[in-house]
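What follows is a single structure, written as structure tokens, with notes after it.
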Amino acid sequence: RPSTVSLLIRDARTFFPTIWLFVAPTILSPLAIWGGEAGRCAFVILVMSCFWVVEVVPLPVIALLPLVLLPLLSVLSVKTVAASYLNDTNIMMMGSMFLALAVEESNLHKRIALRLMTFVGAKPHMLMAGFMIITSFISLWISDTATAALMCPIAMALLESVMAHKQRHYKDGYGDGLHRVESVIGGVSIPSEARPLDTSLLSPRDRGICKCIMLIVSHASLIGGTGTINSTGPNLIFRSTIEQFYPGEDTQISYFSWMLFAIPPMVLYMFSSWFIVQLQFLGIGHIISIFKKSSEEDRKEEEYVKKTVQLTYENLGPMTWAEKWTLGFFVALVSLWMTSDPKVIPGWVDIFPRNMVSDSCAGILIAFLFFAFPRECPDFFFFREDRERPSVRRSGLLTWEAVRRKFSWSVILLLGAGIAISASVKESGLSQIFVCWLMDRFNGMPHFLIQILLSIIVVAATEFSTNTATGSVFIPIAFSMAEELKVHPLFFSIPAAIGPSFSFMLPMATPPNAIVYETKTMTMWEMASCGVLLNIACVTITVLNMNTWTWFIFDMGTYPEYATRHNNTLPC
């Protein structure tokens with residue numbers, strides 16, 4: 001019979017989230033009681049972080065807490081906080097999410113991915129490069145979570161197909177251990193139903209290939225989001241924060257200018273991930289073998305993979321009406337975003353009064369057209385042979401039923417919470433306290449070194465919190481640090497915005513990691529050890545980019561006039 005102590009321990013483990021719901025605020029309560037306005041703001045942030053880590057309730061529900069705590073603690077009014085949950089930045093994210101949902105509903109992502117796979121080649125390192133390129137490309141336009149959710153099933157299906165004949169001692173539903181043959185192309189038999197992937201039945205090399213491809217999906221989902229300003233929460237929080245710090249000013253930040261400085265390092269992040277995962281799971285010998293001629297056995301294996309990918313692509317059939325028009329609207333929306341205010345030439349927003357329209361208008365316009373435009377050729381009588389029957393109204397490329405089932409409102413709530421927290425950090429004076437504390441530690445250091453240390457702190461913090469929460473705390477601090485040191489406002493804030501996307505280590509750090517980890521193709525230690533190396537590489541690339549290419553684009557050797565007009569930071 002269990003002892004009373006063991007029963008108490010068991011119940012404590014079972015009900016720990018509920019216990020933590022009361023313990024965490026109690027421990028942190030001195031901040032709210034004696035910490036002043038900044039302390040009360042810190043209390044809200046730390047309580048939410050504690051709840052997020054343990055997940056006492058679903059994360060989107062925790063994201064609603066600023067609506068209650070910030071007004072009750074007299075940090076921000078409820079009207080100010082509520083406006084953060086559906087402001088221009090959140091509307092822009094909503095447009096991106098409608099785009100992602102339309103792409104998923106039409107299966108356009110699958111066609112694009114498999115089409116690229118047919119071009120990149122069948123060698124393992126080329127397959128990995130293919131997944132890296134297509135996943136990063138999709139993540140440029142839609143959220144990292146949506147990208148991982150779209151690409152992970154494609155990667156798993158491909159691995160199940162190409163690894164089917166390599167899994168030993170497998171018994172299928174017929175009990176004879178033989179796979180069924182659907183097609184023979186070029187002398188290569190393709191199984192009709194892919195076997196469930198069990199990496200324990202594979203050789204160490206094949207297990208390594210599976211781990212590499214799945215980790216690349218996770219990494220690329222996060223890396224791609226750094227390339228555009230609207231595809232990930234921290235970037236949008238940066239956009240919102242810079243507008244709060246410098247309202248109505250031309251800060252030189254637009255959709256196009258962000259891509260201009262962010263795409264070159266993004267390519268280097270991609271290469272780093274591609275190289276590091278292979279180095280860790282396949283070894284230096286595999287890296288060297290990339291430059292050697294393939295053996296006969298390798299060529300046979302490559303032929304099998306090539307035919308599998310080709311057959312999978314051919315099974316999609318010809319491009320449908322829905323895919324064609326979804327692609328057309330996709331290209332139209334990206335074009336509108338890129339040409340809205342490119343800075344180098346006048347954009348279409350210049351047609352309207354200043355600050356009257358923004359990129360979010362384009363997103364919602366295209367979202368409306370997704371609902372209005374039919375997913376099949378209109379059933380007009382002159383489009384069909386049978387003109388006698390009544391015409392049928394087609395459903396849209398996107399339906400509200402699909403939105404109801406799949407739209408991730410949690411992302412909107414998390415982003416809204418991040419924007420509210422970012423505003424509270426600035427208004428409460430918490431950012432000023434952090435800046436003064438950091439200035440005491442960084443006193444006399446070169447700005448270049450401060451940038452490195454800040455980047456490391458942000459990347460470390462984002463492994464234990466959501467990237468939105470990390471960005472909402474550190475981005476306003478970065479702007480305040482720049483004002484204190486009289487350096488360009490973007491010098492610290494851009495690394496603080498991009499750093500939260502480098503949450504490569506832990507499954508709980510970000511949804512793409514969790515989605516890939518759930519495939520059970522790798523252990524947490526393998527994900528973490530690979531993530532550490534990639535974090536180091538990405539921070540290095542970011543700092544080098546900030547002090548070379550980005551320095552040139554934004555003329556960071558000067559302190560802009562708009563920063564002088566809107567100095568929000570009091571001297572320490």
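The values are calculated or read from the model by the stated rules, or taken from the named source; none is laboratory data. Because the structure is predicted, anything quoted here is derived from the model rather than measured. Don't worry about glycine lacking a Cβ; one is built from the backbone with ideal geometry, like all the others, and counts go over all protein chains shown. Areas reflect the complete protein model, heavy atoms only, side chains present, ligands, DNA and RNA absent. Shrake-Rupley method; radii C 1.70, N 1.55, O 1.52, S 1.80 Å.
A few remarks follow.
- Only a single item in (1) buried (at least 19 other Cβ atoms within 10 Å of the Cβ); (2) within 18 Å of V487 (Cβ to Cβ); (3) not aliphatic (A, V, I, L, M) is not met by P446, and it is number (1).
- If the condition is being touching a helix residue (DSSP H, G or I) at 6+ places or on another chain (Cβ under 6 Å) and not aliphatic (A, V, I, L, M), then the stretch 433-450 contributes F434, F442.
- Residues considered: S424, S391, S410. Of these, the only one that is polar (S, T, N, Q) and not in a helix (DSSP H, G or I) is S391.
- Helices (runs of 4 or more DSSP H) completely within the stretch 495-572 that count 1 or more residues being open to solvent by less than 20 Å² (accessible area, probe 1.4 Å) and polar (S, T, N, Q): 511-517, 524-546, 549-554
- Residue match in the stretch 285-296 (condition: buried (at least 17 other Cβ atoms within 10 Å of the Cβ), of a type outside the set (F, W, Y) and closer than 28 Å to C538 by Cβ): yes
- The stretch 430-443, residues that are loosely packed, with under 15 Cβ neighbours inside 10 Å and either small (G, A, S) or not in a helix (DSSP H, G or I) (or both): N443
- Only one of the numbered conditions (1) basic (K, R); (2) farther than 25 Å from A157 by Cα; (3) in contact (Cβ under 8 Å) with a residue 24 or more places away in the chain is violated by K306, and that is (2).
- Residue match in the stretch 258-268 (condition: within 26 Å of the chain's Cα centre (by Cα) and within 30 Å of P204 (Cα to Cα)): yes
- Taking first residues from the stretch 390-402 that are surrounded by 15 or more Cβ atoms within 10 Å (Cβ to Cβ) and partners that are assigned to a strand (DSSP E or B) and small (G, A, S), no Cβ contact under 7 Å between residues at least 6 apart in sequence or on separate chains turns up.
- The stretch 320-376: number of residues that are part of a helix (DSSP H, G or I), buried (at least 16 other Cβ atoms within 10 Å of the Cβ) and not hydrophobic (A, V, I, L, M, F, W, C): 6
- The lone exception for P60 - which of (1) open to solvent by 60 Å² or more (accessible area, probe 1.4 Å); (2) under 20 Å from the mean Cα position of the chain (by Cα); (3) not acidic (D, E) it fails: (1)
- Test: L260 is open to solvent by 30 Å² or more (accessible area, probe 1.4 Å), at pLDDT 95 or above, in contact with a helix residue (DSSP H, G or I) (Cβ under 8 Å, 6 or more places away or on another chain) and not in a loop (DSSP other than H, G, I, E, B): no
- In the stretch 45-124, counting only helices (runs of 4 or more DSSP H) that sit wholly within it, the ones holding 1 or more residues that are farther than 29 Å from L336 by Cα and among the hydrophobic types (A, V, I, L, M, F, W, C) span 59-62, 66-72, 78-84, 108-120.
- The residues listed here are T523, T519; of these, the one that is closer than 22 Å to C152 by Cα, free of Cβ contacts under 8 Å to residues at least 40 places away in the same chain and among the polar types (S, T, N, Q) is T523.
- Test: residue in the stretch 168-191 that is in a helix (DSSP H, G or I), open to solvent by 10 Å² or more (accessible area, probe 1.4 Å) and either at pLDDT below 85 or among the hydrophobic types (A, V, I, L, M, F, W, C) (or both): no
- Flag for L108 being among the aliphatic types (A, V, I, L, M), modelled with pLDDT under 90 and either on the phi > 0 side of the Ramachandran plot or within 21 Å of the chain's Cα centre (by Cα) (or both): yes
- Which numbered condition D379 misses (of (1) charged (D, E, K, R); (2) loosely packed, with under 13 Cβ neighbours inside 10 Å; (3) in a loop (DSSP other than H, G, I, E, B)): (2)
- Residue in the stretch 75-86 that is in contact with an Asp or Glu (Cβ under 6 Å, 6 or more places away or on another chain), in contact (Cβ under 8 Å) with a residue 24 or more places away in the chain and within 30 Å of V334 (Cβ to Cβ) present: no
- Scanning the stretch 451-468 for residues that are at pLDDT below 90, open to solvent by less than 10 Å² (accessible area, probe 1.4 Å) and not β-branched (V, I, T) yields one hit, E463.
- Matching residues in the stretch 16-50 - criterion: being of a type in the set (V, I, T) and either open to solvent by 60 Å² or more (accessible area, probe 1.4 Å) or farther than 20 Å from Q432 by Cα (or both): T18, I19, V23, T26, I27, I33, V47
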